[in-house]
Each structure stands twice: as structure tokens, then as C-alpha cells.
Amino acid sequence: MANIIGKGLQSLLAAFDRSSLPQIEGTFDWGKTEHEVEILRDRWGVPHIYAKSAHDLFFAQGVVQAQERLFQMELNRRTAQGTLSEVLGDLALETDRAVRTFGFNRLGSVDWANASEEMQAAVLAYCDGVNTYLEKNGSKLPVEFKLLGYQPKPWQPQDCTAFGRVIMWELSHAWHGEIVRYQIQQKLGIEDADEIEIHYPSQNPITLPLGIEFNLREGDGKLISEQGPFLQRGQGSNSWVVAKEKTIDGHTYLYNDMHLPLSMPGLWFQVHLNGGGYQVTGVSLPGIPGILVGHNDQIAWGMTLAFIDCEDLYLEKMEDQHSSRYLFGDEWVQSDVIEEVINVKGKPQPYLENVIMTRHGPIVSDVVSQPNIRLALRSMALRPSPSLAGWLSLDRAKNWDEFVLAMHQIEAPQLSVSYADRQGNIGYWMTGRAPIRAKGDGRTPAPGWDGEYEWVGEVPFEEMPHALNPQQGYLVHTNNKIVGDDYPYYLGDVWMNGSRAKRIEQVLQSKDKLSREEMCRLHIDYTTLPGRELSQKLQGITVQNLKAGRALEILKSWDGELSAESVGGCVYEVVRLALGRNLLEPALGSDLTEQYLGKTFNPVLLTANEFYGHDVSVILRMLDQPQSWWVQQAGGIQTWVEKSLTQAAEWLESHLGGQPSGWQWGKIHGAVFPHPLGLQKPLNLAYNRGPYPIGGDSDTPCQTAYLPHQPYHNNAWAPSFRQVVDLDDLTQSVTIVPPGQSGHIGSEHYDDLIEPWVKGEYHPQLWTREQAEKEVQGKLVLK
């Protein structure tokens, strides 16, 4: 019945929405461009924009994004401005309170005031494109606006910069894990808490095993060690770049797949920009001009989250319960109090949020469910920066030196950026700023009143981790540890566990030279190395319970391949979650256990905290430590393991039936694409897509992570974008960005890329005008 209702509602909404579908053929004689602009849309819905000036290029980018993603852009800016409650009511109030507290709207205004002339010109042209489209098509808005009953306001420059702030902050790391660690230490003491700390497995790879390397490529291909640019001054995701010496066809390749939450429509919008000094293709963010990841005519780049610690919490000592004065040194300092007025749909009076700003940053306790302490957040992502301008510089960079100059401007977020160019060079640079602390390591909230734990500087840009043409002939980063322990600065210890990097390196090291196809298969590689290790560690275990015994035998014979059809993989995932909970809950209780497994204060703003995914490393360690206090709390190895196996078998029987042949991972683990309006039933039946059975988990190269408190569908993150760039022949580059290019439910491009993405397929990343003309679906001219 639900399927019938969903299809009927979907057809009805699609019919209403078709009147607002973008015009992709013909002419707009608006008189707003300096010259004529051509927009060719290919059969995958990707616009190829041909302009004669930068103004016209970004004006047209604003037009096409408004055509396809206007409602998404509206929600993006409302998220950034903290005004979701105006249209969604109480449902969004906690998100708005958090956003106003973090101050993305205020920071966006500062960033706009400080923006360079070039950045301001690009943003103003982009906004003019969006607003011209709104002016000319205001009566043909996407159906979502009709359902919510309001008209979008004109697009402002601060909408772009504020949304950029949200993205910077969401991609920064390490503050929320401090709260979890603090609670565990307060409950159990430091010694027992340390046993389940994040420890990077010593057997897993480091991105830069030789530290900072800089090797120039001579004309004959020989590498010569040199000092790199700037070095004279002083000392999400998967990405890998492979030098031509490692490939069968002798080409240089860049591979990237950014792992972020899936949604309808997707986070990214593909676009190809030509003109005004730009010739670049890749993915953009609806609401911001330019391209964030892709390639131009000389270089390509990919991005993953660096997972370094660039944020600290401070415990502030207030004068009294209701005071806004806080202690620093021997003085009571008056904080800045900012009154934020939040209008809530359906409420006669607005909600007032008083934001207290200390020298360390805003007091965030009340919006992160810690009302009994006063916590101030200091973050590199919460200070003014020219980061958005850095991406425009990157779009135009022609070589390594210009790439590095662009990296210098991206002060937040902290990203691992892979690099390759047409001359056969490969490289890496970590963006962002990393603090130097006077004392402490930022792992737990520090006393804010004594001045001993202040930030006293930053890691010099020249000494941030980087490499050009490493001797090994490739670079891999999958949110794993970046540098060895001999690196002179502290970058934190919240890396993910490195199992994906190890698997990718296994493949890259398996042969002297690899084919493009062999490396592409890594994009859909479902090998879980922690799963294999658990299977090996259970080989010597015997159990009495018959159900547990059946699950154990399946695990013992499993090969670690976590495809959608895998029975052993399905058993592993359910057993793993049971092992984690049965190890942690006796000491932590259920609520703190869920936080340790990754649950956060607000899933809209932060999908998971830094402890996410480290439970498997702890489980594997504890199976070798039968005398551990944690194992004893769980009843000993035998009791702990048998109980978990029994619970897993009973759960599988109750959900998938009594025959183990039916226990397939894809039956409980599917890719899901939720739409914001899907929160309101029955709109979920019309707007949402999935689940689509898929393999993988958080430890497979094709990472399809799930939230332990809402298992087992892929509801955390997955490859939101894949690209393969052939630097020797850009016309052979390919990409895929699910679910589709359009945010219109009535469009053929709303969900047309989901199934190819699930299968690991790509479509051409059309580069030349000739390629675009051959695949053109429509040609729009702006007069």
C-alpha cells in the first residue's frame, strides 16, 4: 500500500513541478551579460558554459544553479543564516539555535566585507544571475515552495559567504570528541578511559611515510630532490594519485571519491566553466560560484578530510549562574552578548538566543546538550579567512607553484588535497591552519581561566605536510594518519583507522604497473580488512549456544568481502555492533555508549564525532587482552563473544528469517537518499530514494557508512562524487555524481545517476566543445 501511495504522490508532485523545469533550449534576452553566453547541457544534465568574461561566466553559473537547485540553495542559505524555523517551525529550532551560536551568519558578513575585489566581482555576478532568474521566473518556482507556502527572497552576497562558512565548519574536526572523552573520564577515570582511546593501528599506512618530500621531474622523467616553494622561509574520503611510472599505459591519473552524506538532491552540482580566464570542470556547491574539485586545462585536484585537530573546547568559569562575566587570569572579563532573534513558524513570539562570546569563542554548552558546564569553542573554522577566494585561484592554477599559492589562501577547512598535472607531476598539500598550543594537546576541554592552554601560534604554512613526486610513485589519503611521529608539530590523533588506505596500497603495491581499470575497481572495492582480522581472531573460539555456533562458523569461513550479497559480511556487521555495545555498555551505559559509537548533538550540522569507527579497533585490541578491565566488565572473552554472537544470530533470524542463505548484507544495508521534505510523511514516499542494496561499510575503500544508533542502512556517508582524471588525455576523464543533476522531482535528471553509481559506472567528463556538442541535450543563449 505504501508503494502505491508513494508512486501516486510522486506522480502528482512531478506533474506540478514540470511547470518549473528549467528552459534549456532557446534564448534569454535579459540584457544582463556583457557578451553573448552559450550554455550547452549534455545528456547527463551537466551545463557547459561558454562566456567571454568572468562576469558573464559567474552570472551564467548563478542562472543554471537557480534553474536546477533553487530550493536546495534556499535551504543552504537558511541553514547558514539560522532561519530554517521561519519555514519549518519547531522542527528546525535547535539547528537554528546552534547555527546562531556558532555565528556562521556573522562570520559570513565579515568574510564578505574582507573579500578581495576578484572574489566580490565573482559573487556579485553570481548573485545577479540567481536574482535575474528569480525575477523572470518568480511565478514558476519549484513545487517545494508551493508546499511550504512562501516566496524566496533575492540572493545576497552574504548568503554565499555564510554558506561557505557552514561547509568549512562541517569539514573541520576534533571538538565534539572532546566532550565524549571528558564524560568518559569523569565517569571512569583516566586510566580506564585510555584503554578505549583512539590509537592509530601501527600496521596501517601513513600518507607521507618519508615526511615532506620535494622532487622535481626533469625532461627525461628523472626525479631530482629539491627544496620546494616557500621552504626557504623555514622548516571525508579517498584520493590517490599515480605517477606514469606505475601505470601500464604510461599516463598520470588522479582518483578521488569524497565521502559525504547522500541526499536528494546531492550536495554537489557538476558544471563546466569556460571563459574570462577560466577553463575548468568539476563539482560546485549550489550557492557558491566557482568549482571546488575537478580539473582545468593543466592540473587536477582531489580532496579528502585531513582529520587534524584544529579545534579546542575551554571550560569557562563564570562569575555566577546568570552572569556574562568570565574569569581570565585574575580578572572578571565582560563577554560580548549577542541577541539573536529567531522567528519560528506558527509561534506568535520569536525565540531569543543570547550568544555569549569569550576570548576563546562562543559558549556552546546549551546547544550541545551540556547545560551544566560552560564550554567555549575555539576553532580555525570560526575566524575570518579568505578561503573561498582560494578555490577561485585553484580553478585557474596552471602548475605546482600556483597550486601552492591557492593552498595558502584556504585557511579552513583542513583538507588533504591531491595534485597531478599535464607534465606528469603528482603531489599533496594539507590546507588549513593548525594551532600551536602553549600547553596540553586539546584532547579534553582545557581550563579557560588560567591562560596556560592558549593558542600561541600556528604551524607555519611552509611546514604543513606536503610532497611533490614522492619516490614511491603514488600518494594515498583516506582520512588516515598523514605524517609519522617524528613530525615536529602536533596535529592531533583523531585520524580514521587507516584500513581503507591499507587496502588501496595493497592493490597499488601488488604489481609494478597497474591498468586504469584495476585502479577504477578500487572505487567499488568492498574488502574490509578489520572484518578479515576479526574472522582470524575468532578461529580459536568455541561456543555452546547453537545459534551462536552457526553465526561463528559463518564468520570463520568468511573471506572479508563485504558485497551486497555477502552472508558472512552481514553476520560480521551485526556481530561487530553487538560486540561493541556489550563491551562498552556495562561501564558506560547506553547513552554514553551511543556517543562513543559516534552519535552527536545535531545530525544536521554534524553527522558523527571523532570516535566514530574506532570501535572496531578497540574490539580487535580487546580480543588480545583478556585481562583488560573492559573485558572483565563484559564478563570475560568467552561470555562477551558468545553473548554477542547469540544476539546477532537472534536479530538476523527475526529480521531476515531462519535460513542463513537469506542473511545478505544488501537486504539490511542500502544506500538511502533523503530529501529535506521527507521528514514530513507521506512526502518521504515521493521525494526520498532508496534503499538501494549496496556493499561496504566504514572500513571498505567504497565507504558506505551507517550510524550505529540507526543501523544498518547507509545513512552516514558514502562516495558523493567520483572522478578519474587522465592527465595525458583529459577527454578520457570520467565522473559520477549521484543522485542526479536536478533538484526538480519532475526532471529526468532527478535520480538518473543513482543506479549507475551503485554499479560503479561513470559517465564521460566532457572536456572539449566538440565532445559537448555531440552529447548536447539543449542549447540556451543569454543575450
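Residues in region 243-285 that are more than 22 Å from the chain's Cα centre (by Cα), open to solvent by less than 10 Å² (accessible area, probe 1.4 Å) and under 26 Å from residue 525 (Cα atoms): 243, 247, 252, 253.
Please tell me if residue 189 is at positive phi and either modelled with pLDDT of 95 or more or among the aliphatic types (A, V, I, L, M) (or both).
Against the criterion (at positive phi and either modelled with pLDDT of 95 or more or among the aliphatic types (A, V, I, L, M) (or both)), residue 189 qualifies.
Being open to solvent by 50 Å² or more (accessible area, probe 1.4 Å), over 30 Å from residue 9 (Cβ atoms) and assigned to a strand (DSSP E or B) is a condition met by no residue of region 690-697.
Among the conditions (1) under 30 Å from residue 267 (Cβ atoms); (2) assigned to a helix (DSSP H, G or I); (3) open to solvent by 10 Å² or more (accessible area, probe 1.4 Å), the only one that residue 686 does not satisfy is (3). Figure legend. Inter-residue proximity from region 336-358: first residues more than 22 Å from residue 87 (Cα to Cα), second residues of a type in the set (Asp, Glu) and in a loop (DSSP other than H, G, I, E, B), beta-carbon distance below 8 Å, spacing 6+ or different chains. Indicated pairs: 358/316. Scanning region 432-445 for residues that are out of contact with any Lys or Arg (no Cβ under 8 Å at 6 or more places or on another chain) and either assigned to a loop (DSSP other than H, G, I, E, B) or farther than 30 Å from residue 388 by Cα (or both) yields 432, 433, 434, 438, 439, 440, 441, 442, 445. Just one of the numbered conditions (1) among the basic types (Lys, Arg); (2) open to solvent by 20 Å² or more (accessible area, probe 1.4 Å); (3) within 21 Å of residue 161 (Cβ to Cβ) is not true of residue 43: (3). The residue of region 572-599 that is farthest from the chain's Cα centre (by Cα), among those that are open to solvent by 10 Å² or more (accessible area, probe 1.4 Å) and among the polar types (S, T, N, Q), is 582. Looking only at region 601-608, decide whether some residue is open to solvent by 30 Å² or more (accessible area, probe 1.4 Å) and closer than 22 Å to residue 194 by Cβ. Checking region 601-608: not a single residue is open to solvent by 30 Å² or more (accessible area, probe 1.4 Å) and closer than 22 Å to residue 194 by Cβ. Listed by first and then second residue, the pairs with beta-carbon distance under 7 Å, at least 6 apart or on different chains, first residue in region 667-692 and within 29 Å of residue 85 (Cα to Cα), second of a type in the set (Asp, Glu) and open to solvent by 40 Å² or more (accessible area, probe 1.4 Å), are 689/751.
Starting from residues that are aliphatic (A, V, I, L, M) and under 20 Å from the mean Cα position of the chain (by Cα), keep the ones in region 714-744 and report whichever is nearest to residue 67 (Cα to Cα). Selected residue: 737. Counting only strands (runs of 3 or more DSSP E) wholly contained in region 285-345, the ones carrying 3 or more residues that are of a type in the set (A, V, I, L, M, F, W, C) and farther than 30 Å from residue 428 by Cβ occupy 336-342. Quick check on region 61-73. Is at least one of its residues modelled with pLDDT of 95 or more, among the hydrophobic types (A, V, I, L, M, F, W, C), within 23 Å of residue 766 (Cβ to Cβ) and assigned to a loop (DSSP other than H, G, I, E, B)? Scanning region 61-73, I find no residue that is modelled with pLDDT of 95 or more, among the hydrophobic types (A, V, I, L, M, F, W, C), within 23 Å of residue 766 (Cβ to Cβ) and assigned to a loop (DSSP other than H, G, I, E, B), so the answer is no. Residues in region 23-40 that are acidic (Asp, Glu) and at pLDDT 95 or above were compared, and the one that is least open to solvent (accessible area, probe 1.4 Å) is 38. Residues in region 518-548 that are over 30 Å from residue 238 (Cβ atoms), open to solvent by 20 Å² or more (accessible area, probe 1.4 Å) and part of a helix (DSSP H, G or I): 546, 547.
In region 502-519, the residue that is nearest to residue 733 (Cα to Cα) out of those that are more than 28 Å from the chain's Cα centre (by Cα) and of a type in the set (S, T, N, Q) is 515.
Scanning region 395-422 for residues that are more than 17 Å from the chain's Cα centre (by Cα), open to solvent by less than 10 Å² (accessible area, probe 1.4 Å) and hydrophobic (A, V, I, L, M, F, W, C) gives 397, 403, 404, 406, 407, 420. Of the set (1) part of a helix (DSSP H, G or I); (2) modelled with pLDDT of 95 or more; (3) surrounded by fewer than 24 Cβ atoms within 10 Å (Cβ to Cβ), all apply to residue 91 but (2).
Residues of region 144-164 that are of a type in the set (A, V, I, L, M) and either modelled with pLDDT of 95 or more or farther than 17 Å from residue 744 by Cα (or both): 162 alone.
Annotation: of all residues in region 366-380 being among the hydrophobic types (A, V, I, L, M, F, W, C) and within 11 Å of residue 315 (Cα to Cα), the one that is most open to solvent (accessible area, probe 1.4 Å) is 373. Could you go through region 5-22 and let me know if any residue there is buried (at least 16 other Cβ atoms within 10 Å of the Cβ) and assigned to a loop (DSSP other than H, G, I, E, B). Yes: one or more hits.
If you check residue 338 against the conditions, is it closer than 30 Å to residue 179 by Cα and open to solvent by less than 10 Å² (accessible area, probe 1.4 Å)? Spelling it out, it is not the case that residue 338 is closer than 30 Å to residue 179 by Cα and open to solvent by less than 10 Å² (accessible area, probe 1.4 Å).
The values are calculated or read from the model by the stated rules, or taken from the named source; none is laboratory data. Treat the numbers as computed from the prediction; the structure is a model and nothing was measured. Neighbour counts run over all protein chains shown; Cβ positions are idealised from the backbone, glycine included. All accessible areas refer to the heavy atoms of the entire protein, side chains included, with ligands and DNA or RNA removed. Shrake-Rupley method; radii C 1.70, N 1.55, O 1.52, S 1.80 Å.
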